[in-house]
Amino acid sequence: MDPTLRITLLPRDTNKHGTIFGGVILSHVDLAGAVEARRSCGPRNFVTVAMDKVVFRAPVFVGDVVSFFTETLRIGRTSVTVKVTVDAERAESGETARVTEAEIVYVAVDADRRPIPIRGDS
């Protein structure tokens, strides 16, 4: 399976312990999830309404290649729930580690930021 998003994180993304800030990872998780929402539900504007079950399993280090894999779990009338799984390919060893998992709920909105049906029904 191909990742929805793949990046290499840099020194500017680290905390004082030399690992990548969790917030940086969450930002990319949100982006990858939004790509999946649009891919599975069509050209709608989506806003993030909830991040649930975020689990940080292992640290991410500078130079790791981080891959974000996505899967649509549920499509409701105006919302879609996406699971994002994050793996890091270690720069030093080439080994891959599961580092983060999350479920995100997005809502389709119109230009006035009001929820709209995903499937085009009223």
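The values are calculated or read from the model by the stated rules, or taken from the named source; none is laboratory data. Note that the structure is predicted; figures quoted are calculated from it, not measured. Cβ: placed from backbone, ideal geometry, glycine included. Neighbour counts: every protein chain shown.
Any chance segment 68-78 includes a residue that's in contact with a His (Cβ under 7 Å, 6 or more places away or on another chain) and either modelled with pLDDT of 95 or more or surrounded by fewer than 13 Cβ atoms within 10 Å (Cβ to Cβ) (or both)? Walk me through it before giving the result.
Step one: filter segment 68-78 for residues in contact with a His (Cβ under 7 Å, 6 or more places away or on another chain), giving 68.
Pick out the ones that are also either modelled with pLDDT of 95 or more or surrounded by fewer than 13 Cβ atoms within 10 Å (Cβ to Cβ) (or both) and you get 68.
Checking segment 68-78: at least one residue is in contact with a His (Cβ under 7 Å, 6 or more places away or on another chain) and either modelled with pLDDT of 95 or more or surrounded by fewer than 13 Cβ atoms within 10 Å (Cβ to Cβ) (or both).
Those residues that are over 13 Å from the mean Cα position of the chain (by Cα) and assigned to a strand (DSSP E or B), I need them from segment 57-72; list them, please. Working first, answer last.
The first filter runs over segment 57-72 and keeps only residues over 13 Å from the mean Cα position of the chain (by Cα), leaving 57-65.
The answer is Phe61, Val65.
Mind checking which residues of segment 81-109 are of a type in the set (S, T, N, Q) and touching a residue at least 40 places away in the same chain (Cβ under 8 Å)? Before the answer, list the steps.
Step one: filter segment 81-109 for residues of a type in the set (S, T, N, Q), giving 81, 85, 93, 96, 100.
Result: Thr100, single match.
Surrounded by fewer than 16 Cβ atoms within 10 Å (Cβ to Cβ) and either at positive phi or at pLDDT 95 or above (or both): does that describe Ala58? Give the steps one after another, and end with the answer.
On the way: surrounded by fewer than 16 Cβ atoms within 10 Å (Cβ to Cβ): yes; either at positive phi or at pLDDT 95 or above (or both): yes.
Judged against the criteria, Ala58 is a match.
It is to be established whether one or more residues within segment 2-20 are within 30 Å of Ala111 (Cα to Cα), out of contact with any strand residue (DSSP E or B) (no Cβ under 8 Å at 6 or more places or on another chain) and not polar (S, T, N, Q).
Scanning segment 2-20 turns up no residue that is within 30 Å of Ala111 (Cα to Cα), out of contact with any strand residue (DSSP E or B) (no Cβ under 8 Å at 6 or more places or on another chain) and not polar (S, T, N, Q).
Looking at segment 20-41, is at least one residue more than 30 Å from Ile116 (Cα to Cα), part of a helix (DSSP H, G or I) and either among the polar types (S, T, N, Q) or in contact with a helix residue (DSSP H, G or I) (Cβ under 8 Å, 6 or more places away or on another chain) (or both)? Spell out the reasoning first.
Of the residues in segment 20-41, the ones more than 30 Å from Ile116 (Cα to Cα) are 20-22.
The next check asks that each one be part of a helix (DSSP H, G or I); those that pass are 22.
Filter once more, so that each one left must be either among the polar types (S, T, N, Q) or in contact with a helix residue (DSSP H, G or I) (Cβ under 8 Å, 6 or more places away or on another chain) (or both): none.
So far as segment 20-41 goes, no, none of its residues is more than 30 Å from Ile116 (Cα to Cα), part of a helix (DSSP H, G or I) and either among the polar types (S, T, N, Q) or in contact with a helix residue (DSSP H, G or I) (Cβ under 8 Å, 6 or more places away or on another chain) (or both).
Answer yes or no as to whether Ala102 is touching a helix residue (DSSP H, G or I) at 6+ places or on another chain (Cβ under 7 Å) and of a type in the set (Gly, Ala, Ser). Let's see the steps before the verdict.
Details: touching a helix residue (DSSP H, G or I) at 6+ places or on another chain (Cβ under 7 Å): yes; of a type in the set (Gly, Ala, Ser): yes.
Here the answer is yes, as Ala102 does meet what is asked.
Out of contact with any Gly (no Cβ under 7 Å at 6 or more places or on another chain), at pLDDT below 95 and buried (at least 18 other Cβ atoms within 10 Å of the Cβ) - does that describe any residue in segment 27-34?
The first filter runs over segment 27-34 and keeps only residues out of contact with any Gly (no Cβ under 7 Å at 6 or more places or on another chain), leaving 27-34.
Cutting the leftovers down to at pLDDT below 95 gives us none.
No, the conditions are met nowhere in segment 27-34.
Which members of segment 55-76 meet the condition of being among the aliphatic types (A, V, I, L, M) and over 27 Å from Glu92 (Cβ atoms)? Quick ask: steps written out before the conclusion?
Initially, segment 55-76 is screened for residues among the aliphatic types (A, V, I, L, M), giving 55, 58, 60, 62, 65-66, 73, 75.
Within segment 55-76, Leu73, Ile75 qualify.
Checking Thr81 against (1) buried (at least 18 other Cβ atoms within 10 Å of the Cβ); (2) not in a strand (DSSP E or B); (3) not small (Gly, Ala, Ser), only one condition comes out false. Which one?
(2)
For Asp87, state whether it is closer than 23 Å to Asn15 by Cα and among the acidic types (Asp, Glu).
Values: closer than 23 Å to Asn15 by Cα: yes; among the acidic types (Asp, Glu): yes.
Judged against the criteria, Asp87 is a match.
Just to be sure I understand the filter: pairs with C-beta atoms under 7 Å, separated by 6 or more residues or on different chains, first member in segment 55-70 and in contact (Cβ under 8 Å) with a residue 24 or more places away in the chain, second member in a loop (DSSP other than H, G, I, E, B) and β-branched (Val, Ile, Thr). Which pairs pass?
Val66/Val60; Phe68/Thr4; Phe69/Thr4; Thr70/Thr4
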